[in-house]
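Rule-based calculations on the coordinates, nothing more; no lab input. Not measured: the values here are computed from a predicted model. Quick reminder, even Gly has a Cβ in these numbers, built from the backbone with ideal geometry, and neighbours come from all protein chains shown.
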Amino acid sequence: MPELPEVENLRRYLIAEHVPGQVISSVDVAWARTIKLPSIEDFVLDMPGRRVVDINRRAKYLDVALDKGHLVLHMGMTGSLRVSSPGDERMRFAHTVFHLADGRRIELNDPRKWASVWLVDKLEDALPEIGPEPLDTSFTADEFVRRVSKRRSPIKAVLLDQAVIAGVGNIYADEALLRAGIAPSRRAHRIAEHRLAALLEEIRISLARAINYIGENPLDDGRPFVVDAFDERMQILRKPGSDCPQCGRALRTKVIGGRTAYYCGECQS
Ligand SMILES: [Zn+2]
């Protein structure tokens with residue numbers, strides 16, 4: 001599933017492909033439910049002629065800023081984007097295709113059809129309530145402590161709450177908790193403030209590492225790959241019988257907040 005590091009690399013990929021400055025001349029939509037706003041009819045009519053001004057990211061959402069409004073994309077479980085040349089064969093699951101005035105296409109390839117697309121006046125019209133960006137340096141440890149320390153839920157569940165902090169995701173929450181030595185089931189309000197401050201730093205390190213190695217290892221056509229749970233570059237190998245990268249003991253698993261947490265019974269408390 002594309003997480004924040006993949007979406008950040010998608011943003012960089014589109015910029016490297018010089019998508020900003022391009023005019024979207026038309027759009028094909030083969031799976032209408034991908035389009036969340038406006039109606040499919042209005043989307044297809046309103047999209048042509050708009051020029052891409054910039055490409056930003058908010059949590060796991062790509063924000064394509066247009067000369068008029070915002071095109072917002074969420075990759076869902078299996079979505080990815082490719083900038084295709086006129087001669088390229090269309091990707092098999094490219095249910096939504098944006099044609100650019102220079103002849104290229106941005107293909108939203110989405111085998112499971114869980115990606116979402118919005119065309120809105122303001123970015124906020126497409127997004128749920130989302131907390132601060134973990135990599136935003138103006139997001140301080142004090143602010144993180146303030147947001148987290150009153151919560152009585154397990155810290156892992158708090159980290160997955162997008163309203164508290166944006167886009168950490170299951171894999172990176174586990175990595176950061178291991179590195180910070182905090183058990184995922186520990187109630188947030190029982191964790192000392194200095195440990196929470198250290199946790200924010202570990203979240204940043206885990207996300208930044210992944211952004212870097214995804215960026216350094218593009219697919220053959222230049223697109224970012226999607227990290228899978230068994231990638232040896234991840235600090236936690238998410239499969240039964242894998243060991244703690246710090247002490248070598250077997251990792252344990254526990255479902256917290258509806259997601260499986262991998263953790264070490266020795267290194268985390
Ligand atoms: Zn350990």
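Can you classify segment 4-125 as rounded, prolate or oblate using the Cα gyration tensor, where a ≥ b ≥ c are the square roots of its eigenvalues, rounded means a/c under 1.5, and otherwise it's prolate if a/b beats b/c and oblate if not? Provide the component values of the computation, followed by the final result.
Numbers: a/c = 1.05, a/b = 1.03, b/c = 1.02.
Rounded is the answer for segment 4-125, as its axis ratio a/c remains below 1.5.
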Check: If packing is taken as the mean number of other Cβ atoms within 10 Å per residue, what is the order of 131-138, 27-34, highest first?
Finding: 27-34, 131-138
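Quick one: compute the contact order of the chain, relative version, from alpha carbon pairs under 8 angstrom and 6+ residues apart, as a percent.
Working: 529 pairs, mean separation 48.4, N = 269.
The normalised contact order for the chain reaches 18 percent.
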Next item on the list: Work out the charge dipole of segment 141-263 with +1 on the Cβ of Lys and Arg and -1 on the Cβ of Asp and Glu about the Cα centre, then indicate which of Gln235, Leu199, Ile214 is farthest towards its positive end.
Entry: Leu199
Check: What spacing in nm lies between the two simple spin-label points modelled at Asp161 and Phe225, each 7 Å away from Cα in the Cβ direction?
Finding: 3.6 nm
Check: R0 = 35 Å: FRET efficiency of Asn56 with Trp114, Cβ-based, nearest 0.05?
Finding: 0.95
Next item on the list: Anything in the chain that counts as a DSSP H helix reaching 24 Å or more along its axis (C-alpha) with Kyte-Doolittle mean of at least 0.0? List them, would you?
Entry: 193-216
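Treat every Asp and Glu Cβ in the chain as -1 and every Lys and Arg Cβ as +1, leave all other atoms uncharged, and give the resulting dipole magnitude about the Cα centre to the nearest 20 debye.
Working: 39 positive and 38 negative charges, 247 e Å.
I would put it at about 1180 debye.
How much length would be gained if the chain were fully extended between Asp142 and Asp88, taking 0.36 nm per residue of separation minus their Cα-Cα distance, in nm to one decimal? Don't skip to the answer; put the middle values down first.
Details: separation 54, 0.36 × 54 = 19.44 nm, distance 4.98 nm.
Extending this stretch completely gives an extra 14.5 nm.
For the chain, please report how many Lys pairs fall under 16 Å Cα to Cα, leaving out neighbours fewer than 8 apart on the same chain. The partial results should precede the final answer.
Values: Lys36/Lys113; Lys36/Lys122; Lys68/Lys122; Lys156/Lys254; Lys239/Lys254.
Lysine pairs satisfying the spacing and distance rule in the chain number 5.
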Next item on the list: Using the charge dipole of segment 34-102 (Lys, Arg: +1 at Cβ; Asp, Glu: -1 at Cβ; taken about the Cα centre), state which of Leu45, Pro86, Val97 has its Cα farthest towards the positive end.
Entry: Val97
Checklist line | Theoretical gain in end-to-end length, Glu193 to Ser242 [0.36 nm per residue, Cα-Cα removed] | finding: 14.6 nm
Note to self: Need one word for the chain: rounded, prolate or oblate. Basis is the Cα gyration tensor (sqrt eigenvalues a ≥ b ≥ c); a/c below 1.5 gives rounded, then a/b vs b/c decides.
What the structure shows: prolate
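Going by a ≥ b ≥ c, the root eigenvalues of the Cα gyration tensor, does segment 129-269 fall in the rounded group (a/c under 1.5), the prolate group (a/b larger than b/c) or the oblate group? Could you put the intermediate results ahead of the total?
On the way: a/c = 1.87, a/b = 1.18, b/c = 1.58.
It is oblate, given that a/c is not under 1.5 and a/b is not larger than b/c.
Multiply the residue gap between Glu266 and Glu216 by 0.36 nm, knock off their C-alpha separation, and tell me the result in nm, one decimal place.
On the way: separation 50, 0.36 × 50 = 18.00 nm, distance 3.33 nm.
Full-extension gain reported as 14.7 nm.
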Notebook entry, point to check: Around Ile55, which amide H atoms from residues at least 5 apart in sequence, or from another chain, sit under 5 Å from its own amide H, with H modelled in the peptide plane?
Noted result: Ala65
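Can you tell me the dipole magnitude for segment 141-263 around its Cα centre, using point charges on the Cβ only (Lys, Arg +1; Asp, Glu -1), in Debye to the nearest 20? Present the calculation step by step, with values, prior to reporting the outcome.
Values: 21 positive and 15 negative charges, 185 e Å.
That gives a dipole near 880 debye.
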Item checked: Structure-based [θ]222 nm, the chain - -39500 (n - 2.57) summed over DSSP H runs of at least 4, per residue, nearest 500 -> -7500 deg cm²/dmol
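Can you tell me, using C-alpha contacts under 8 Å and at least 6 residues apart, the relative contact order of segment 141-263 as a whole percent?
Working: 154 pairs, mean separation 31.3, N = 123.
Result for segment 141-263 is 25 percent.
Report the calculated FRET efficiency for Asp42 and Arg252 (r = Cβ-Cβ distance, R0 = 41 Å), to the nearest 0.05.
Values: r = 50 Å, r/R0 = 1.23.
About 0.25, to the nearest 0.05.
Taking only C-alpha pairs under 8 Å that are 6+ residues apart, what is the relative contact order of segment 175-232 in percent?
Working: 28 pairs, mean separation 16.9, N = 58.
Rounded, it is 29 percent for segment 175-232.
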Next item on the list: Output ³J(HN,Hα) for segment 235-240: one whole-Hz value per residue in order, computed from phi by the Karplus curve 6.51 cos²θ - 1.76 cosθ + 1.60 with θ = phi - 60°, and x for Gly and Pro.
Entry: 6, 10, 7, 8, 8, x
